[in-house]
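> There's a structure below that I have some questions on.
The values are calculated or read from the model by the stated rules, or taken from the named source; none is laboratory data. Small disclaimer: the values here were computed from a predicted structure and weren't measured. Glycine gets a Cβ as well: all are built from the backbone with ideal geometry, and neighbour counts include every protein chain shown. With ligands, DNA and RNA removed, areas are computed over all heavy atoms of the protein, side chains included. Shrake-Rupley method; radii C 1.70, N 1.55, O 1.52, S 1.80 Å.
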Amino acid sequence: MKQLESPTDWLEARKIKTRGREEQRPANIFAGGSSCDSAEIQGVVVSRLSVYPKGSESAPRTFAVIEPEESSVEGLEAEGEATWFWKRSSKDQQLLDFEWQQSSESRWNFYFKLPKDAMCFGLGERLSGFNLRGRVHTLFNHSDNMHVPTLDPLYKSIPFLLIRHQGRYQGIFLDSPARQRWSLDVELEEQASIELLSRRGFTVYLFETSSLPDLLAAYTALTGRSKLPPNWSLGHQQSRWSYPDESTVLAVAAEFRTRNIPCDAIVLDIDFMDEYRVFTSSPERFPNFKEMIAKLQDQNFRVVTIVDPGVKKDAKYFVYRDGKKHDYFCKKADGKTFYGKVWPGQSVFPDFLREDVRLWWAALHGFLVENNVSGVWNDMNEPCLFGQGCPLPLDAIELPKEHHQLFMQQSPEGDVGHFEVRNLYGLEMSRATWEGLTALRPDERPFVLSRAGYAGIQRYAAVWLGDNMSWWEHLAVSVPMLLNVGLSGVPFCGVDVGGFGDDCSPELLARWYALAMFYPFFRNHCSKAGAEQEPWSFNQRVEDAIRHFVETRYRLLPYIRCLFWEHIRTGAPLMRPIIWDYPEDQFAAEIDDQFLFGRDILVTPIVKRGQTERSVYLPNGLWYPFDGGEPLEGGRLHKVGFELDEVPAFVRDGSIVPFVDLIQSTDYYELAPITFKVWGDHAMGLYLDDDGISFEYEEDGYNEWLLRYDNGQFSSNLANFGYIAPEREYYFQHGLRKERVHLARE
Ligand code: MIG
């Protein structure tokens, strides 16, 4: 593929890449238009700049953004070709000196300052550790199953960067689904730059200084928040590529019940289909698909199935035929249908950017809903094609012409080359899925899981981070990766527990569960080639340890549900860096192997082979070991031992955490007693309840209590009462004292 338009372009771009200084920047050829305004979103001032190239009349729409209601406070006009500076409302705002220019027909450059002590977070899915500073981050959805530390890009692209400077935060959201490369002071010159390859324009949002929680609140007000997930999807999920047939699936499910390891869902990977045809099931291996699911439901399991975007080219296959008839598949620039090779062989790809295509795809889920499949897993939706590396070479400095962009897509502004909108493909597929499930089962909140994504993916799907390995390094890196995913607005996330590729070891699996019980999305998954890693695959000791972690996860479900409530109200992720609550703690800012799970639990996993103790940093205050014991004083490091079956976490002094009695499936959640565990002598907490499945909570169908413990007295204050719950028992527990309580009814 020829990328370069002229050798001079190449040289100029090299210069920008290696040197960020102004005098070496290429000429600015911008001759289009722009508009600029600002709004206050959730208390944070956000400036918006829309830039469109010569020949267009407005910046493209990209779907990522829900229009802020109170937009256009300022109505500043950005002068034609002039460099546009971030409007400064106070001295404090001069930090970034954000500038932009156009340096070729399809290339835009952005520059901003990164003070020496500034740290960078966000940008979605990055393998490079918590602080993203010091390297280049490419945003171009791409599937690669060898997750070495230098791998770039990955499956998801979320162009939202959070910059921490002296305990305060600023944000940049470059809303364009075209290829972006963010170079975060690679040259150690306190300069960062972004290169965007697009012939369309862009909109960039600059968030003025705020706290980290406020910044997330504003960003998620702009790009949307998750809905409450169905209760069952917060349970333990078991997956494998692939359980080959019905009897294996039923046997695996039975194993959970006989061994008393809680589990809510069995996930079916690609082999459940009829020769990888989406929206079918194999007549040979899953001949009684619906009955099998009914049997699983009798044992309180749900079924999640995979749905890939590639539709098998097969004239006898209804999805292919129907899609062809209506012209729903992507075409090349010459107007001919695009075929690419994936699991089903030659396949076609729906153009999910089109509303009519999304509606059609949504309706196809009727097959799954009729069979009582509960959740849908979207894989390969970058989209990933066999036999191809990254479809745009990393060193490309121009956007290839349309006939080199795989295929065309129809955006609301008209036809556009795929690379202009590539990062939206997975999001639009998951949106179609989410909308389909919502329409087909209006009384249930859908569960959709996606591999690819763009800003706003949280509105439609949970995400997992693709093909990790059964390596200790991948256990460790899951913490900073998921922290950055959460700070990029996506709360419902996890990685394959036990690792996808390679063989998991007994010790690794136990330690992985010890951490993963705090992943918002909690699924054991393993590749075809890997050794078995179901919880019982090794010895009794490991199985018992895993049982303890999974049981603890289930007991924590009321707390986890409260954390999702917090997300829908404030945009907060569930997994948070310590600096979320301790903004001034510079020492905590460096920590990427611990995290806060909500406000009250600090998770301190063992992520190294053979290790039985680690140093733990506790922020200010008193912290109680999760599994019991004397509290430790915070504000310093401690050496702490964690046995293989010990929960590696601490609870904050002054918290009240709701625990539910042990259940094997969330089907038993509603009636199970709840105990409010109190840590410390003065404590506060929150407890919310709803039916766990419908959208009633959006219409006031929930109950909320503020809990207090003071002077040996537990009390509850009703904040909302809109859900008539079945009767269950409540207790409070403080140390050895446990008593029945009745929650306030008014
Ligand atoms: O080409 O469906 O990341 O979780 O098991 C591999 C088979 C396709 C990649 C996913 C993985 C899944 C696998 N898929």
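> Hey, does the range 46-56 have a residue that's open to solvent by 60 Å² or more (accessible area, probe 1.4 Å) and modelled with pLDDT of 85 or more? Steps first, answer last, please.
Kept after step one, since they are open to solvent by 60 Å² or more (accessible area, probe 1.4 Å), are these residues of the range 46-56: 54-55.
So of that shortlist, the ones also modelled with pLDDT of 85 or more come out as 54-55.
Yes, the conditions are met somewhere in the range 46-56.
> Another question about this same structure. Take the range 510-528 and flag every residue that is within 20 Å of Gln540 (Cα to Cα) and in contact (Cβ under 8 Å) with a residue 40 or more places away in the chain. Show your work before the answer.
Keep residues of the range 510-528 that are within 20 Å of Gln540 (Cα to Cα), which gives 510-517, 524.
Residues satisfying the conditions are Ala510, Arg511, Ala514, Leu515, Met517, Asn524.
> Out of (1) farther than 15 Å from Thr248 by Cβ; (2) surrounded by 18 or more Cβ atoms within 10 Å (Cβ to Cβ); (3) aliphatic (A, V, I, L, M), what's the single condition that is false for Ala315?
(2)
> For residues in the range 728-746 being more than 16 Å from Trp705 (Cα to Cα) and part of a loop (DSSP other than H, G, I, E, B), which is most open to solvent (accessible area, probe 1.4 Å)?
Leu736
> I've got another one for you. Could you tell me which residue of the range 455-507 is nearest to the ligand (Cβ to nearest atom), considering only residues that are open to solvent by 10 Å² or more (accessible area, probe 1.4 Å) and of a type in the set (Phe, Trp, Tyr)?
So, considering only residues that are open to solvent by 10 Å² or more (accessible area, probe 1.4 Å) and of a type in the set (Phe, Trp, Tyr), the one nearest to the ligand (Cβ to nearest atom) is Phe500.
> Let me ask something additional. Can you spot a residue in the range 699-706 that is open to solvent by 50 Å² or more (accessible area, probe 1.4 Å), among the charged types (D, E, K, R) and within 30 Å of the chain's Cα centre (by Cα)? If you could, list the steps in order and put the result at the bottom.
Taking the range 699-706 and keeping what is open to solvent by 50 Å² or more (accessible area, probe 1.4 Å), we get 699-700, 706.
From what's left, among the charged types (D, E, K, R): 699-700.
Those left that are additionally within 30 Å of the chain's Cα centre (by Cα): 699-700.
The answer is yes; a qualifying residue exists.
> Sticking with this structure for a sec: Output yes when any residue across the range 658-665 is under 29 Å from the mean Cα position of the chain (by Cα), over 21 Å from Arg547 (Cβ atoms) and buried (at least 20 other Cβ atoms within 10 Å of the Cβ), and no when none is.
Yes, because at least one residue in the range 658-665 is under 29 Å from the mean Cα position of the chain (by Cα), over 21 Å from Arg547 (Cβ atoms) and buried (at least 20 other Cβ atoms within 10 Å of the Cβ).
> State all residues of the range 250-272 that are open to solvent by 10 Å² or more (accessible area, probe 1.4 Å), of a type outside the set (Val, Ile, Thr), touching a residue at least 12 places away in the same chain (Cβ under 8 Å) and away from the ligand (no atom under 15 Å from the Cβ); if no residue qualifies, say none.
Leu250, Ala254, Glu255, Arg257, Arg259, Asn260 - these are the residues of the range 250-272 that are open to solvent by 10 Å² or more (accessible area, probe 1.4 Å), of a type outside the set (Val, Ile, Thr), touching a residue at least 12 places away in the same chain (Cβ under 8 Å) and away from the ligand (no atom under 15 Å from the Cβ).
> What is the number of the single condition among (1) more than 24 Å from the chain's Cα centre (by Cα); (2) away from the ligand (no atom under 16 Å from the Cβ); (3) not small (Gly, Ala, Ser) that Glu275 does not meet?
Among (1) more than 24 Å from the chain's Cα centre (by Cα); (2) away from the ligand (no atom under 16 Å from the Cβ); (3) not small (Gly, Ala, Ser), the lone unmet condition for Glu275 is (2).
> Checking Val416 against (1) under 26 Å from Tyr276 (Cα atoms); (2) in a strand (DSSP E or B); (3) among the aliphatic types (A, V, I, L, M), which test does it fail?
For Val416, the failing item is (1).
> Mind counting the residues in the range 566-596 that are open to solvent by less than 10 Å² (accessible area, probe 1.4 Å) and of a type in the set (A, V, I, L, M, F, W, C)?
Within the range 566-596, the first condition is being open to solvent by less than 10 Å² (accessible area, probe 1.4 Å), and the residues that meet it are 567, 571-579, 588-589, 594-596.
Remaining after also requiring of a type in the set (A, V, I, L, M, F, W, C): 572, 574-575, 578-579, 588-589, 595-596.
Residues flagged as open to solvent by less than 10 Å² (accessible area, probe 1.4 Å) and of a type in the set (A, V, I, L, M, F, W, C) within the range 566-596 amount to 9.
> Here is a further query. Does Leu622 meet the test of being at pLDDT 95 or above, touching a Phe, Trp or Tyr at 6+ places or on another chain (Cβ under 9 Å) and over 20 Å from Ala516 (Cα atoms)? Can you show your working first?
Values: at pLDDT 95 or above: yes; touching a Phe, Trp or Tyr at 6+ places or on another chain (Cβ under 9 Å): yes; over 20 Å from Ala516 (Cα atoms): yes.
So Leu622 fits the description; yes.
> Quick one: is Glu643 at pLDDT 95 or above and either open to solvent by 40 Å² or more (accessible area, probe 1.4 Å) or over 21 Å from Val490 (Cβ atoms) (or both)?
Working: at pLDDT 95 or above: yes; either open to solvent by 40 Å² or more (accessible area, probe 1.4 Å) or over 21 Å from Val490 (Cβ atoms) (or both): yes.
Here the answer is yes, as Glu643 does meet what is asked.
> Condition first: part of a loop (DSSP other than H, G, I, E, B), buried (at least 22 other Cβ atoms within 10 Å of the Cβ) and more than 16 Å from the ligand (Cβ to nearest atom). Now tell me which residues in the range 134-179 satisfy that.
Across the range 134-179, the qualifying residues are Phe140, Ile158, Pro159, Ser176, Pro177, Ala178.
> Could I ask something else about it? For Asn131, work out the one condition from (1) at pLDDT 95 or above; (2) closer than 24 Å to Phe386 by Cα; (3) away from the ligand (no atom under 16 Å from the Cβ) it doesn't fulfil.
Every condition holds for Asn131 apart from (2).
> Another one. Would you pick out the residues in the range 458-476 that are under 26 Å from Val376 (Cβ atoms), touching a helix residue (DSSP H, G or I) at 6+ places or on another chain (Cβ under 9 Å) and among the aliphatic types (A, V, I, L, M)?
The answer is Ala461, Ala462, Val463, Leu465.
> May I ask you to list pairs of residues, at least six apart or on different chains, whose Cβ atoms are under 8 Å apart, with the first in the range 620-647 being β-branched (Val, Ile, Thr) and the second being in a loop (DSSP other than H, G, I, E, B)?
Listed pairs, sorted by first residue: Val640/Thr604; Val647/Met517; Val647/Phe626; Val647/Asp627.
> Are there any pairs, at least 6 apart or on different chains, whose C-beta atoms fall under 6 Å, with the first in the range 494-509 and in contact (Cβ under 8 Å) with a residue 40 or more places away in the chain and the second part of a loop (DSSP other than H, G, I, E, B) and more than 14 Å from the ligand (Cβ to nearest atom), and if so, which?
Listed by first residue and then by second, the contacts come to nothing, as the list is empty.
> Being on the phi < 0 side of the Ramachandran plot, open to solvent by 10 Å² or more (accessible area, probe 1.4 Å) and out of contact with any Asp or Glu (no Cβ under 8 Å at 6 or more places or on another chain) is the filter here, so list the residues in the range 273-283 that pass it.
From the range 273-283, those on the phi < 0 side of the Ramachandran plot are 273-274, 277-278, 280-283; that's our starting set.
Retained after the next criterion (residues that are open to solvent by 10 Å² or more (accessible area, probe 1.4 Å)): 274, 277, 280-281, 283.
Passing the criteria: only Asp274.
> Those residues that are open to solvent by less than 30 Å² (accessible area, probe 1.4 Å), within 13 Å of Phe352 (Cα to Cα) and either of a type in the set (Lys, Arg) or not in a helix (DSSP H, G or I) (or both), I need them from the range 419-452; list them, please.
Of everything in the range 419-452, just one residue is open to solvent by less than 30 Å² (accessible area, probe 1.4 Å), within 13 Å of Phe352 (Cα to Cα) and either of a type in the set (Lys, Arg) or not in a helix (DSSP H, G or I) (or both), namely Arg422.
> Please tell me if Gln409 is closer than 26 Å to Phe367 by Cβ and not basic (Lys, Arg).
Details: closer than 26 Å to Phe367 by Cβ: yes; not basic (Lys, Arg): yes.
It is true that Gln409 is closer than 26 Å to Phe367 by Cβ and not basic (Lys, Arg).
> Looking at Thr612, Thr570, which one is over 26 Å from Ala217 (Cβ atoms) and among the β-branched types (Val, Ile, Thr)?
Values: Thr570 fails: over 26 Å from Ala217 (Cβ atoms).
Matching residue, one of Thr612, Thr570: Thr612.
> Related question: Only one of Leu406, Leu399 is more than 26 Å from the chain's Cα centre (by Cα), at pLDDT 95 or above and on the phi > 0 side of the Ramachandran plot; which?
Working: Leu399 fails: on the phi > 0 side of the Ramachandran plot.
After applying the criteria, what remains is Leu406.
> If we keep just the residues of the range 371-387 that are surrounded by fewer than 23 Cβ atoms within 10 Å (Cβ to Cβ) and closer than 19 Å to Arg302 by Cα, which is nearest to the ligand (Cβ to nearest atom)?
Here the residue is Val373.
> Hey, among His142, His147, which residue is more than 26 Å from Ala218 (Cβ to Cβ), in contact with a helix residue (DSSP H, G or I) (Cβ under 7 Å, 6 or more places away or on another chain) and modelled with pLDDT of 95 or more? Steps first, answer last, please.
Details: His142 fails: in contact with a helix residue (DSSP H, G or I) (Cβ under 7 Å, 6 or more places away or on another chain).
Only one candidate qualifies: His147.
> Additional query: So, Asp351, is that one within 16 Å of the ligand (Cβ to nearest atom) and of a type in the set (Asp, Glu) or not? Break it down stepwise before answering.
Values: within 16 Å of the ligand (Cβ to nearest atom): no; of a type in the set (Asp, Glu): yes.
It is false that Asp351 is within 16 Å of the ligand (Cβ to nearest atom) and of a type in the set (Asp, Glu).
> Taking Val303 as the residue in question, decide whether it is in contact with a strand residue (DSSP E or B) (Cβ under 9 Å, 6 or more places away or on another chain), surrounded by 15 or more Cβ atoms within 10 Å (Cβ to Cβ), part of a strand (DSSP E or B) and in contact (Cβ under 8 Å) with a residue 12 or more places away in the chain. Give the derivation first.
Working: in contact with a strand residue (DSSP E or B) (Cβ under 9 Å, 6 or more places away or on another chain): yes; surrounded by 15 or more Cβ atoms within 10 Å (Cβ to Cβ): yes; part of a strand (DSSP E or B): yes; in contact (Cβ under 8 Å) with a residue 12 or more places away in the chain: yes.
Criteria met by Val303.
> Here's another thing I want to ask about it. Open to solvent by 10 Å² or more (accessible area, probe 1.4 Å), within 16 Å of the ligand (Cβ to nearest atom) and in contact with a helix residue (DSSP H, G or I) (Cβ under 8 Å, 6 or more places away or on another chain), is that true of Asp308? Show your work before the answer.
Details: open to solvent by 10 Å² or more (accessible area, probe 1.4 Å): yes; within 16 Å of the ligand (Cβ to nearest atom): yes; in contact with a helix residue (DSSP H, G or I) (Cβ under 8 Å, 6 or more places away or on another chain): yes.
Spelling it out, Asp308 is indeed open to solvent by 10 Å² or more (accessible area, probe 1.4 Å), within 16 Å of the ligand (Cβ to nearest atom) and in contact with a helix residue (DSSP H, G or I) (Cβ under 8 Å, 6 or more places away or on another chain).
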